[in-house]
Amino acid sequence: MDASPTSTARSEPTAQPTVRAPAGPPSASVRDRTGDARGVGVPAYADLTGASLRRDGDRFTLRAGAAADFPTSSEEVEHVILFADTDGDGQVDYEIWATLADDGWSGTWRYPDGARFGSGSGVDVQPRGRDLVVGFDASRLGGASSFRWLVGAEQGTAEQQSTGTLSEDYAPDSGAVRFPG
């Protein structure tokens, strides 16, 4: 259609874009390639394959995937950690930890003024094959509805933990991503 001032054709109204609310609860997910965990003798269950984070009402569920089934107990240490930057300054504000030791999985909530461990953390941890399912209240992230996040895994002996030489992997490798996605 000719839009010049001499044109006598009538212009059609412009269609307005339709904004739709996303279907279902807010969520985000990331993928991670296998075989990229750093360290010596890294077991496949410490090699992250991805993670998803979903908010349903006042509750978050993190589902971290690994290249092999997560164990239910171990003499070595395994941490799967959700890091969250809720104020946009590029620094971690909150951490949700799932920790495996010889007595099974437990949770930790780390926040700007301290930390809470085990049943006092409000973090539930369940291994389900190649997925580790971590549930926690939205208040554990300061009630934020939008933030940047990533997941990390660390694994090794108690000696490696004390010397800072645990194996590690991150999902995604490229750094934090936006929630919701």
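Computed values, structure above
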read-out: CD proxy at 222 nm, helix term only [per DSSP H run n ≥ 4: -39500 (n - 2.57); per residue of the chain; nearest 500]; value: -500 deg cm²/dmol
read-out: Largest-first ordering by accessible area, 1.4 Å probe, given options Phe60, Phe83; value: Phe83, Phe60
read-out: Angstrom value of the Kirkwood radius, inverse mean 1/r, which spans all Cα pairs in the stretch 89-176; value: 14.4
read-out: Potential extension, Asp36-Thr165 segment - 0.36 nm per residue separation minus Cα distance; value: 44.8 nm
read-out: Among Ser106, Ser29, Ser145, residue whose mean-square fluctuation peaks in a GNM of the chain (springs only between Cα atoms under 10 Å); value: Ser145
read-out: Cα Rg, Dmax, the chain, angstrom units; value: 21.6, 83
read-out: Three principal axis lengths of the stretch 115-160 [C-alpha, angstrom, descending]; value: 36, 23, 22
read-out: Rg followed by Dmax, in Å, when the stretch 23-71 is reduced to its Cα trace; value: 13.3, 43
read-out: Fluctuation leader among Thr163, Thr86, Thr49 - the chain, Gaussian network, Cα springs under 10 angstrom; value: Thr163
read-out: Quarter of Cα convex hull surface for the stretch 91-140, i.e. mean projection, nm²; value: 4.1
read-out: Accessible surface of the chain, 1.4 Å probe, proportion on carbon and sulfur as whole %; value: 46
read-out: Å² per residue, accessible surface of the chain at 1.4 Å; value: 57
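The values are calculated or read from the model by the stated rules, or taken from the named source; none is laboratory data. A quick note: this is a predicted structure, and the numbers were derived from the prediction, not measured. What goes into the accessible areas is simple: the full protein's heavy atoms, side chains included, and nothing from ligands, DNA or RNA. Shrake-Rupley method; radii C 1.70, N 1.55, O 1.52, S 1.80 Å.
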